[in-house]
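**Q** A single structure is presented below for examination.
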Amino acid sequence: MREVAAFGTDRTGRIVEWGPAATLLLGHEEQEALGHGAAELLAPTEGRAWAGALRQAVSEDRAVTGVFTVRHRDGRLLEVEAWLVATRDPEGRAEARALLAESQEPRQARGTFTVLDTFFGQAPIGLAILDAELRFRRANPVLAAMNGLPEHRHLDRGVAEVVPGLNVEQMDRALRRVLETGEPPLDFRSIGRTGRNPDHDRVWSESCFRLEDARGRPLGVAAVVIDITAHEQDYLGSAAGRARVLGPGRAVTWTWPHDPAAIGDVRTAVARQLAAWNLPDLEDTTTLIAGELATNAVRHAEGPFQVRLVRTDDALTCEITEDSSTSPRLRHAEDDDEGDRGLFLTAQLTTRRGVRPTARGKTIWAEQALPGPDPATDR
């Protein structure tokens, strides 16, 4: 239940009554309030609408209700719901009574902020809020630990100032794109070294979205950051790493121009290599995978892209490396949406898949299990 503060004024606006609830709500003890003008004591300089309403109630002998701003004894401003009514003293002289209760909306907002503060402080992932200039306004403890800097040393600084050892140019482009277009890149990868572990590279998956005001105007960007170094090292230590250990002939690489006509050439080259490796059972699926990932590179990247096949004793991995930092979104697609349907099928046809950042973009990889013992002879 909300406290209702009551006080009374004479016809000049001087406080003549002050109840205990008024002290609880507004901070002033009775002896401090009595004899002072209500406007001078309680109304902030920039907003004295309620004081004028109180005088109006007295002069017109009527009641006035509304939501007004008052000043607490400690200087902070409060939004209150007020009922201001004209009365008469025993001698018939005009007076006024004011009943004030803290507005529900600010109380609910404070409750919401308390929940958000708790979420920011206890979330097991990195969280950040950047303003429209892409400077940190907030960083939670997990992100601060990731970056090797206390929270306060993030504030009012840009990404390049906080984590200069990461792929900051890509990160800046991605954040500015979010700010300008409102389109959130999901699973953007950043890679490099921070103050927490300056001798080893680490990899983070980042998702972000634009923060907007009620009119849709951009206020900044919110980011979610997860350390996926262990997952990426698992992949790097399996497919690519084992290919190096197994010797030459287990990997082949092509570079293709940023041209839709190159997609057919990618499929042809992959089919020929699978024939050379005596893997005909994987030709249909692998050419589909390579073709769809190449299509994604042509659609979303800007420069040449690289295709790589890696063969181990038990798996075949197809990699596409290009200069876009935005990861593809694998989702169900409509029947006429060939690109998205192909990416969805790629996810269905592979045993493992993922994305890892590179110095200029990213590498998308998709792994299939080999059908039984590897019959190929190294070439």
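Read-outs: derived from the displayed coordinates by stated rules, not from any lab. Quick caveat: nothing in here was measured; it's all calculated off a predicted structure.
**Q** Name the long-range amide H neighbours of ALA123: under 5 Å, sequence gap of 5 or more, or other chain; modelled H, no Pro or chain starts.
**A** none
**Q** Another question, if that's okay. List the residues, sorted by chain then number, that are 5 or more residues from ARG196 or on another chain and whose placed amide H is less than 5 Å from its amide H.
**A** GLY148
**Q** Quick one: check the C-alpha center-to-center distance for segment 112-163 versus segment 191-220, whole angstrom.
**A** 9 Å
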